[in-house]
Amino acid sequence: MEVYVDNNATTKVDEDVLNVMLPYLKENFANPSSLYEAGKQTRKAINEARNSVAKMLNAEDKEIIFTSSATESNVTAIMSAARNSNGKKRIITSKMEHASILETMNYLETQGFDIIYLDVDDKGRINIKDLEKAINKDTFLIAIMLANNELGNIYPIKEFCEIAHKHNILFHCDCTQAVGKIKVDVKDLGVDTLSFSGHKIHAPKGVAALYIKEGTPYTPLIFGHQENNHRGGTENVPYIVGLGKAAEKIVEDNFQSTAKVKELRDYFEEQIKSKIDNIHIYGDIDNRIPNTSNIAFLNANGNELAIILEASNINLSNGSACNTTEPKPSDVLVACQANLKEYYPIRVSFDTNNTKEQVDYFINKLTLNVNMLRRKNNGNSN
Ligand code: PMP
């Protein structure tokens, strides 16, 4: 049996998504900027996809631009805010953000910007008072994610936005791990810019979107006439069409499959708790996206477990920043002051493609291997 439980890293392309893309890789290849009929057809396909994405986010069509990745969307939003800051220098972000946000902040720091990285508690939560305290007259942007990729934590973005807007500060929100898993409504959240990526919602890698609320000051990252002068480069029509279909399916599904995924995740955690002692689940347990479990076992290191489980065709992520021979713990776990010596986690992220049979197989292999590692390490339990 093969078990893929690394869906926060990427998801499998949906069959319906693939099928709507294929004609645009074959016969419907015209450049959407071409004025003849075939070009008009591909232009129409892009606009329909834009409408599907806008509907999913409760946005206006003209507020959506297509990009190559959530990385590009994040960098575009932050650089645009920085270029329109009117001399202001402070940006507030959190230690839980994705590298695409943090590395842009690192770059801006070298350019004289003043970046505040909010700390988190041991569950990875951000204290709203810390956010309020970090705001000064020089602050022009706050960038905090809706859901964290490693722990699954959901942050109270609506409240954060209200604080930002009270002080005339723009709010950017990375929603890459939230879209498709929980409701993401730009009007309800109140964000000024928002990003998400196709490959986390069963569209292919290499396509994503950026929401820019009407009226938000904007300077492109990539200049050119496409996307209403907001993002240059001939549009990736087949992938944009695929992203539109993925968005449509999320709206149609109305989170029914997500409820199923949550049942699987909760079943997994309950079973593991009943079979293995001395475990720790990282994150804000009662306030997580429904598919994620960042779970650790005393005296059974997550790095070792991930390697051993791969031999049983189970693919998941460990708690490392990268998969080198000497794994370095992720910044997120470090920020939570995780006890990594004793509890080094694996990250399990389920999806609609997972079945109960797969989860039972996984539970069985995980239990066997935790016990095996504990014996090997002379663990004092089980
Ligand atoms: N933000 C978050 C929270 C993510 O999890 C990821 C992908 N791991 C990204 C941004 C970047 O997405 P992309 O791969 O489309 O650049």
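Quick note: the coordinates plus some simple rules give every number you see, no bench work behind them. Quick caveat, the model's predicted, so the values are computed rather than measured. Positions of Cβ are generated from backbone atoms using ideal geometry, with glycine treated the same way; all protein chains shown enter the neighbour counts.
Per-residue Cβ neighbour counts within 10 Å put LEU131, LEU368, LEU35 in the sequence LEU35, LEU368, LEU131, beginning with the fewest. Excluding the site residues themselves, the longest part of the chain lacking any GluC sites (Glu not before Pro) in a DSSP loop with at most 12 other Cβ atoms within 10 Å is 28-213. Applying 1/(1 + (r/R0)^6) with r as the Cβ-Cβ distance of HIS167 and ILE307 and R0 = 45 angstrom yields a FRET efficiency of 0.40. Could you check the spin-label model distance between MET79 and ASP331? Points 7 Å from the Cα along Cα→Cβ, value in nm. My value for the distance between the label points is 1.8 nm. One decimal place: the segment ASN106-PHE255 gains 50.0 nm when fully extended, by the rule 0.36 nm per residue minus the C-alpha distance. Applying 1/(1 + (r/R0)^6) with r as the Cβ-Cβ distance of ASP16 and TYR36 and R0 = 30 angstrom yields a FRET efficiency of 0.55.
What is the helix-to-structure angle for 15-25, meaning the angle in degrees between its Cα long axis and the longest Cα principal axis of the chain, kept from 0 to 90 and rounded to the nearest 10? Relative to the chain, helix 15-25 is tipped by roughly 40 degrees.
Averaging Cα coordinates gives a centre for segment 226-256 and one for segment 101-150; these two points are 29 Å apart.
Rounded to the nearest 0.05, what FRET efficiency is calculated for ASN51 and ASN378 with R0 set to 35 Å and r the Cβ-Cβ distance?
Efficiency, rounded to the nearest 0.05: 0.05.
Mean-square fluctuations from a GNM of the chain, with a 10 angstrom spring cutoff on Cα atoms, peak among GLN337, GLN111, GLN358 at GLN111.
Taking other C-beta atoms within 10 angstrom as a stand-in for reagent exposure, LYS129, LYS356 fall in the order LYS129, LYS356, fewest first.
All other residues whose Cβ lies under 12 angstrom from that of ALA259 are scored, Lys and Arg at +1 and Asp and Glu at -1, for a net of +1. In this Cβ point-charge picture (+1 for Lys and Arg, -1 for Asp and Glu), segment 15-253 has a dipole of about 320 debye about its Cα centre. Could you identify which residue out of HIS199, HIS98, HIS280 has the top mean-square fluctuation in a GNM of the chain using Cα springs shorter than 10 Å? Comparing HIS199, HIS98, HIS280 in a Gaussian network model of the chain, the most mobile one is HIS280.
Would you order VAL332, VAL20 from fewest to most other beta-carbon atoms within 10 Å of each residue's own beta-carbon? Before the final figure, lay out the partial values.
Working: VAL332 26, VAL20 18.
Ascending number of Cβ neighbours within 10 Å: VAL20, VAL332.
Of the DSSP beta bridges with both residues in the chain, give the percent that are antiparallel, rounding to the nearest 5.
Working: 23 of 42 bridges.
In the chain, approximately 55 percent of DSSP beta bridges are antiparallel ones.
In a reduced charge model with +1 at each Lys and Arg Cβ and -1 at each Asp and Glu Cβ, segment 224-286 shows a dipole moment near 200 debye about its Cα centre. Quick check: from the Cα gyration tensor, does the chain come out rounded (a/c under 1.5), prolate or oblate? Judged from the Cα gyration tensor, the chain comes out oblate (a/c at least 1.5, b/c at or above a/b). Look at where the Cα atoms of segment 31-63 and of segment 266-331 average out, and the two centres are 41 Å apart. Sparsely packed loop sites in segment 233-285 (the chymotrypsin sites (Phe, Trp or Tyr not before Pro) outside DSSP H, G, I, E and B with at most 16 other Cβ atoms within 10 Å) comprise PHE255. Among PHE297, PHE160, PHE113, the residue with the largest mean-square fluctuation in a Gaussian network model of the chain, with springs joining Cα atoms closer than 10 Å, is PHE113.
Using the Cβ of LEU309 as centre and a radius below 13 Å, the other residues enclosed give a net charge of -2, where K and R count +1 and D and E count -1.
Looking at segment 1-52, which trypsin sites (Lys or Arg not before Pro) are in a loop (DSSP not H, G, I, E or B) and have at most 16 other Cβ atoms within 10 Å? Mind dumping the intermediate values first?
Values: sites: LYS12, LYS26, LYS40, ARG43, LYS44, ARG50; in loops: LYS12, LYS26.
Answer in residue order: LYS12, LYS26.
What net charge do the residues around CYS336 carry, taking every other residue with its C-beta under 11 Å from that of CYS336, with Lys and Arg at +1 and Asp and Glu at -1? Before the final figure, lay out each step's value.
Numbers: positive: LYS95, LYS123, ARG125; negative: ASP119, ASP121, ASP122, GLU150, ASP284, ASP331.
In short, -3.
Put a dot 7 Å past the Cα of PHE223, heading toward its Cβ, do the same for LEU25, and the two dots end up 3.4 nm apart.
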